[in-house]
Amino acid sequence: MAKIFCIANQKGGVGKTTTTVNLAASLAKENQRVLLVDLDAQGNATMGSGVEKTECENTVYELLIGQSSFDDVCTRSEEGNYDVLPANRDFAAAEIDLMSLDNPDTRLKDILNEVDDRYDFVLIDCPPSLSMVTVNALCSAEGVIIPMQCEYFALEGLSDLVNTIKRIRYNKNPTLRMIGLLRVMFDGRITLQQQVSAQLKENFGDRVFDTVIPRNVRLAEAPSYGQPGIIYDPSSRGAKAYKAFGLELLDRVRNEA
Ligand code: ADP
Ligand code: MG
């Protein structure tokens, strides 16, 4: 059975896509069979995986509304060594089109159920919203990974997301849980970041991952080469951190099993 995790935070630019792509590549390096699902019309996770989004005839949009099959849509990140359900700007229509379908909130869940035995991990890159698309991700997953920057308003946004997770658990997906908070783009020289980091630990305890992802320009450069950061420059601090994060997650999953 695949472990299905969504990488979510309703704020934009907090490192969701960077985390999804690099975690996928990191787990693949550990010989895990990984599927990355891009649920953002920006298609950044698709491009960051080395898949040209404008050349995708079939995307996760056609799959969700039932116009294409999984095998027609699924493609491969040759760079990252994992499978990808790609997205492009067509996906912007998904939010509205889903509404006219039966069971709009569990379309993705039903699709992933069918391919469950092909993967060890399914990682879903969520859009920056708490929309029907994000609800689809939360209904499919057993856990949520929340990347966050240690900034003043980060904690405020976090409570909205935690409440959404609780609501989904109560109404739709009783086994959904928060796997953990990942501190990203971290700069330990900044006192405020240290303070917020300490606050997170206080409030969430071991729900905060030990691994901290530093701010590192190599991670930001990698997508323009169509490569996950850990492939683009494996010796960079950012790459090493995401490799460590992959191992930490594997460890957690194995200890829980
Ligand atoms: P989101 O998917 O939440 O919108 P992204 O992963 O796209 O966030 O990250 C936003 C921007 O920050 C991107 O330009 C990305 O390259 C950059 N970025 C993400 N993580 C890091 C990091 N650890 N160090 C430096 N830049 C980063
Ligand atoms: Mg993104």
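The values are calculated or read from the model by the stated rules, or taken from the named source; none is laboratory data. In this text, all values refer to a predicted model and were calculated from it rather than measured experimentally. For neighbour counting, all protein chains shown are included, and Cβ atoms are generated from backbone atoms with ideal geometry for every residue, glycine included. Ligands, DNA and RNA are excluded from the accessible area calculation, which covers all protein heavy atoms including side chains. Shrake-Rupley method; radii C 1.70, N 1.55, O 1.52, S 1.80 Å.
Say we look at segment 165-180 and pick out the residues that are over 16 Å from Arg207 (Cβ atoms) and assigned to a helix (DSSP H, G or I); which of these is least open to solvent (accessible area, probe 1.4 Å)? Can you show your working first?
From segment 165-180, those over 16 Å from Arg207 (Cβ atoms) are 167-168, 170-175; that's our starting set.
After this cut, where a residue has to be assigned to a helix (DSSP H, G or I) as well, the list is 167-168, 170-171.
Values: Arg167: 141, Ile168: 12, Tyr170: 193, Asn171: 104 Å².
Filtering first and then ranking leaves Ile168.
All conditions but one from (1) under 24 Å from Thr46 (Cβ atoms); (2) touching a residue at least 40 places away in the same chain (Cβ under 8 Å); (3) of a type in the set (S, T, N, Q) apply to Ser197; the one that does not is (1).
State yes or no: is Ser159 under 28 Å from Met47 (Cβ atoms) and surrounded by fewer than 19 Cβ atoms within 10 Å (Cβ to Cβ)? Talk me through it step by step, then tell me what you get.
Values: under 28 Å from Met47 (Cβ atoms): no; surrounded by fewer than 19 Cβ atoms within 10 Å (Cβ to Cβ): yes.
The answer is no for Ser159.
Here is the figure for segment 16-59: residues that are within 12 Å of ligand 1 (Cβ to nearest atom), surrounded by 24 or more Cβ atoms within 10 Å (Cβ to Cβ) and under 16 Å from Ala220 (Cβ atoms) total 9. Filtered by the rule that a residue be in a helix (DSSP H, G or I), more than 14 Å from Gln227 (Cα to Cα) and within 9 Å of ligand 2 (Cβ to nearest atom), segment 1-29 gives a lone residue, Lys16. Taking the criterion of being in contact (Cβ under 8 Å) with a residue 40 or more places away in the chain, closer than 21 Å to Asp120 by Cα, under 17 Å from the mean Cα position of the chain (by Cα) and open to solvent by less than 50 Å² (accessible area, probe 1.4 Å), the residues of segment 210-251 that qualify are Pro228, Ile230, Tyr242, Phe245, Gly246, Leu249, Leu250. Can you give me the number of residues within segment 30-57 that are part of a loop (DSSP other than H, G, I, E, B) and of a type outside the set (A, V, I, L, M, F, W, C)? Final tally of qualifying residues: 11. The set of residues in segment 101-139 being of a type in the set (Ser, Thr, Tyr), more than 18 Å from Thr46 (Cα to Cα) and out of contact with any Asp or Glu (no Cβ under 9 Å at 6 or more places or on another chain) consists of Thr106 alone.
Taking Ala198, is it over 17 Å from Met148 (Cα atoms), assigned to a helix (DSSP H, G or I), away from ligand 2 (no atom under 16 Å from the Cβ) and of a type in the set (Gly, Ala, Ser)?
Working: over 17 Å from Met148 (Cα atoms): no; assigned to a helix (DSSP H, G or I): yes; away from ligand 2 (no atom under 16 Å from the Cβ): yes; of a type in the set (Gly, Ala, Ser): yes.
The answer is no for Ala198.
If you check Ser224 against the conditions, is it within 16 Å of ligand 2 (Cβ to nearest atom) and part of a helix (DSSP H, G or I)? Taking the combined requirement at face value, the residue satisfies it. Does Asp102 satisfy the condition of being among the charged types (D, E, K, R) and either within 15 Å of ligand 1 (Cβ to nearest atom) or part of a helix (DSSP H, G or I) (or both)? It is false that Asp102 is among the charged types (D, E, K, R) and either within 15 Å of ligand 1 (Cβ to nearest atom) or part of a helix (DSSP H, G or I) (or both).
Scan segment 134-147 and give yes if some residue there is free of Cβ contacts under 8 Å to residues at least 40 places away in the same chain and closer than 25 Å to Asp97 by Cα, otherwise no. So that I can check it myself, show each step before the final result.
Keep residues of segment 134-147 that are free of Cβ contacts under 8 Å to residues at least 40 places away in the same chain, which gives 135, 139.
After this cut, where a residue has to be closer than 25 Å to Asp97 by Cα as well, the list is 135, 139.
Yes, there is a match, as at least one residue in segment 134-147 is free of Cβ contacts under 8 Å to residues at least 40 places away in the same chain and closer than 25 Å to Asp97 by Cα.
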